[in-house]
Number of protein chains: 2
Amino acid sequence: MKKSLGAATIILPVPVWVIGTYDARGKPNAMTAAWAGVCCSDPPCVAVSLRAATYTHGNIKRRKAFTISVPSEEYLKEADYFGIVSGRDTDKFAATGLTPVKSDLVDAPYVKEFPLILECKLLHTFEIGIHTQFVGEIADVKADKEVLGEDGYPDIEKAQPIVYTPMARTYHGIGKYLGRGFSVGRKI
Amino acid sequence: MKKSLGAATIILPVPVWVIGTYDARGKPNAMTAAWAGVCCSDPPCVAVSLRAATYTHGNIKRRKAFTISVPSEEYLKEADYFGIVSGRDTDKFAATGLTPVKSDLVDAPYVKEFPLILECKLLHTFEIGIHTQFVGEIADVKADKEVLGEDGYPDIEKAQPIVYTPMARTYHGIGKYLGRGFSVGRKI
């Protein structure tokens, strides 16, 4: 018997992604978002939902671009900080000591120290409710060589991304390998 | 120095969610999706992107509803299977032995054996590229009591959701507790 928890955004797992933007004066900003996901394979797109009150919201509207930097476990503290304070009154890169790198493809900065980054051009803006959903077309993905597997793609055990739990507000790392996609189910 | 991996949907982590729908004749179907995420807090909404070729795509268009059932690790094989075969020519519930439960709130079934489920009414349909993004308003969230923490919300260590890695096509479990959201970053 399942217990009703009400109409709320209670779901598992959600990602911890850091959205990089420039403000009107060119100051780099970084904001952590968990209301996000891949939304199309071709063109390759990701969707990120932000409230209009956030500094990043205005930055994306103006610059038509953003990046996603995926923090590894070791940058948990910085990733959480990026979600707590506003770029309106804080230089978050200066405060954390992390390094903004200007994308050569889109008008936005990414976080140098994070192992996996996506550079996105704003493709669609959808108003859903208190959140605006920004759909970004992925212009390029870049990764540190140290996190790539033998197949040339990011290895999740090396990249060590963080998983977030809404409501309980907990962060977890990636656990044990369970199996291969489009493979383990063939036994049925 | 980061290596360019090209314009592709290479990002970590992405979820493993099973989308429940009814077809035109009322046959329950389940399909696994990873191109998905929360997209609004109020109204509470999730977005799921599907190709028009999928059986689930037509079902959602017709019934204006879907569920998300979050499989725990022990149902990895079934979750992978749900993403391999099509409901057009297969009764996936019969093949796996899992139990479809008719939602009393929306016109869609969920998977009884999975610990966390969301019942969603179709709110928006956005065409992005080869994927259609379905935005569902969450009517209710239901969870097995066994996976709830002391705060009454799902405990990710108990629910044991699965994480997927695009390209490398690997499934992983949830790892160690790293810290608390809106808390660990305050040290900066």
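Rule-based calculations on the coordinates, nothing more; no lab input. In this text, all values refer to a predicted model and were calculated from it rather than measured experimentally. With ideal geometry, Cβ positions are generated from the backbone for all residues, glycine too; neighbour counts draw on all protein chains shown.
Miscellaneous remarks
- In this structure, the amide hydrogen of A:A65, modeled 1.01 Å from its nitrogen in the peptide plane, lies closer than 5 angstrom to those of A:L122, counting only residues at least 5 positions away or on a different chain.
- With a Förster radius of 25 Å applied to the beta-carbon distance between B:E146 and A:K187, the computed FRET efficiency rounds to 0.40.
- Magnitude of the charge dipole, chain A, Cβ model with Lys/Arg +1 and Asp/Glu -1, debye to 20: 640 debye
- Pairs from B:K27/B:K77; A:K142/B:K64; A:K176/B:K145 whose Cα-Cα separation, in the structure shown, is over 30 Å: A:K142/B:K64
- Counting Cβ atoms of other protein chains within 10 Å of each Cβ in B:122-132 and taking the mean gives 5.
- Gap separating the Cα centres of the range A:23-95 and the range A:116-177, nearest whole Å: 12 Å
- For the range B:33-48, backbone phi angles converted through the Karplus equation (6.51, -1.76, 1.60; θ = phi - 60°) give residue-by-residue couplings of 10, 10, 8, 6, x, 5, 10, 6, 8, 8, x, x, 9, 10, 10, 10 Hz, Gly and Pro being listed as x.
- Peptides B:147-157, A:161-171, A:136-146 ranked from most to least packed by the mean count of surrounding Cβ atoms within 10 Å: A:161-171, A:136-146, B:147-157.
- Applying 1/(1 + (r/R0)^6) with r as the Cβ-Cβ distance of B:R62 and A:D89 and R0 = 56 angstrom yields a FRET efficiency of 0.70.
- Distances between equivalent label points of A:K176 across the copies, with each point positioned 7 Å along Cα→Cβ, amount to 1.6 nm, shortest listed first.
- For the protein assembly as shown: rounded, prolate or oblate by the Cα gyration tensor [a/c cutoff 1.5]: prolate
- Inter-site label distance for A:L105 and B:K176 at 7 Å from Cα along Cβ, in nm: 3.4 nm
- Each Cα pair under 8 Å and six or more residues apart adds its separation to the average, and for the range B:14-177 the resulting relative contact order is 25 percent.
- Other protein chain C-beta atoms within 10 Å of residue C-beta, averaged over A:40-52: 6.
- Anisotropy class assigned to the range A:32-93 is oblate, per the alpha carbon gyration tensor with a/c at or over the 1.5 cut-off and a/b no larger than b/c.
- Each residue of the range B:8-15 was assigned a 3J(HN,Hα) from its phi angle through the Karplus curve 6.51 cos²θ - 1.76 cosθ + 1.60 (θ = phi - 60°); the sequence is 7, 7, 9, 8, 9, x, 10, x Hz, with glycine and proline shown as x.
- Over chain B: helical MRE at 222 nm, DSSP H runs n ≥ 4 each giving -39500 (n - 2.57), nearest 500: -3500 deg cm²/dmol
- Per residue of A:150-158, other chain Cβ atoms within 10 Å of the residue Cβ number 5 on average.
- Position B:R51, label points 7 Å along Cα→Cβ, spacing to each other copy in nm (shortest first, one decimal): 3.8
- For the range B:164-180, 3J(HN,Hα) computed residue by residue from phi via the Karplus equation (6.51, -1.76, 1.60; θ = phi - 60°) reads 10, 10, x, 6, 5, 6, 10, 10, 9, x, 8, x, 6, 5, 10, x, 10 Hz, glycine and proline entered as x.
- Using Cβ point charges alone (K and R +1, D and E -1), the dipole size of the protein assembly as shown about the Cα centre works out to roughly 480 debye.
- Anisotropy class of the range A:72-188 from Cα gyration tensor, a/c 1.5 cut: rounded
- Database remark: amide H of A:C40 closer than 5 angstrom to the amide H of A:C45 (H placed geometrically; neighbours at sequence offset of 5 or more, or on other chains; Pro and chain starts carry no H).
- For B:E113, residues with placed amide H under 5 Å, excluding near neighbours: B:T99
- Partner aspartates and glutamates whose Cα lies under 13 Å from the Cα of B:K61, excluding those fewer than 8 positions away in the same chain, are identified as B:D23, B:D107, B:E127.
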